[in-house]
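Peer 1: The structure under discussion is supplied below as structure tokens; questions concerning it will follow.
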Amino acid sequence: HLGLNKHYPYERYFCDVDIKDGLLNGKAVCRFAKSQIVMSEITYAEGTAEGPATLYAPGKSDVAVTATFKGGKLDDKMEVSNPDNGKLVLRQEWKGGVLNGKLAQYLPDGSHLIYTIESTDGLKDGVEESFDHQTGKRNGRVEWRAGKPHGDVQQWGADGQLVKDQVYKDGVLVEDRLQATPPAVAELNTDACVDQWTATHRKEVGPDAPIAFDQLDEWSEWCKACLLYSSPSPRDQRGSRMP
């Protein structure tokens, strides 16, 4: 638990713990061989980690990791501190062994936040932000829903200028606010688009056929919405209506 073998890969350690019906039961206190220095304390219930757990910095009494287990899985808050200076470097929220809630990561010296994300059932769900390691200024922001980008996706350069500004919906890019308008589209205008619709309509129903104001308004609104993305022929789009 808590990655003991990772933190102490070459150390031999021994643990004192009560046994009931052949299963670990109670607090397990582990120490280095031939030493009274405690390296970890983990509580068990019927062979399963249950309750608070603590991992100490190597050779010190300083707390390196605190966590809580439920049914053998990480649950509730987990905090990791830098063993060299005791500063908090990571805070996570867990539920049933998966990330569920906020995660925050700090520089090794604890001076400022460098990354944060919200999760639900192990999936990114909420706002994700990253910060420059030197200045602490935000350089990235993404909105997520159920593991997919959903909302604004933004990135800033070292000079603070916005270099990415997009909008996603259910993981699909729907708008790029910094993308230049295509030249062919830039030359078009709403009046010209409506004139094309009017000319096509009169070819079909006759040159003297009246055109209602609400029909002109509908064509105008359709053109305003669509000309930024394409330049369809009225004949190709005959019968289309605003979504």
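Peer 1: Taking all protein chains together and a probe of 1.4 Å, list ILE117, ILE37 from the most accessible to the least accessible.
Peer 2: Result, largest first: ILE37, ILE117.
Peer 1: Per 0.36 nm of contour for each residue apart, how much would the distance between GLN134 and VAL38 grow if the chain were fully extended, relative to their Cα-Cα spacing?
Peer 2: 31.0 nm
Peer 1: Extension gain SER61-ALA146, at 0.36 nm per residue separation less the Cα-Cα distance, in nm?
Peer 2: 26.6 nm
Peer 1: With a cut-off of 8 Å between alpha carbons and a minimum separation of six or more residues, what is the relative contact order of region 103-174 in percent?
Peer 2: This gives 19 percent for region 103-174.
Peer 1: Determine, from the Cβ-Cβ distance of ASP195 and HIS112 and an R0 of 45 Å, the FRET efficiency 1/(1 + (r/R0)^6), rounded to the nearest 0.05.
Peer 2: 0.20
Peer 1: I've got another one for you. Quick check: with the 1.4 Å probe, what order do SER111, SER61 take by accessible area, largest first?
Peer 2: SER61, SER111
Peer 1: Might you tell me the accessible area per residue for region 61-110, computed with a 1.4 Å probe and given in Å²?
Peer 2: 55 Å²
Peer 1: Are any of the pairs LYS77/LYS164; LYS70/LYS169; LYS73/LYS124; LYS73/LYS164; LYS95/LYS164; LYS87/LYS164 more than 30 Å apart by Cα-Cα distance, and if so, which?
Peer 2: Cα-Cα > 30 Å for LYS77/LYS164; LYS70/LYS169; LYS73/LYS164; LYS95/LYS164; LYS87/LYS164; rest within.
Peer 1: Would you check the accessible area of VAL29, probe 1.4 Å, heavy atoms only, in square angstrom rounded to 10?
Peer 2: Looks like 20 Å² after rounding.
Peer 1: Below 8 Å, C-alpha to C-alpha, sequence gap of six or more: please give me the relative contact order for region 26-181 in percent.
Peer 2: Relative contact order comes out at 9 percent.
The values are calculated or read from the model by the stated rules, or taken from the named source; none is laboratory data. Quick caveat: nothing in here was measured; it's all calculated off a predicted structure. Ideal geometry is used to build each Cβ from the backbone, glycine not excepted, and the neighbour counts take in all protein chains shown. All accessible areas refer to the heavy atoms of the entire protein, side chains included, with ligands and DNA or RNA removed. Shrake-Rupley method; radii C 1.70, N 1.55, O 1.52, S 1.80 Å.
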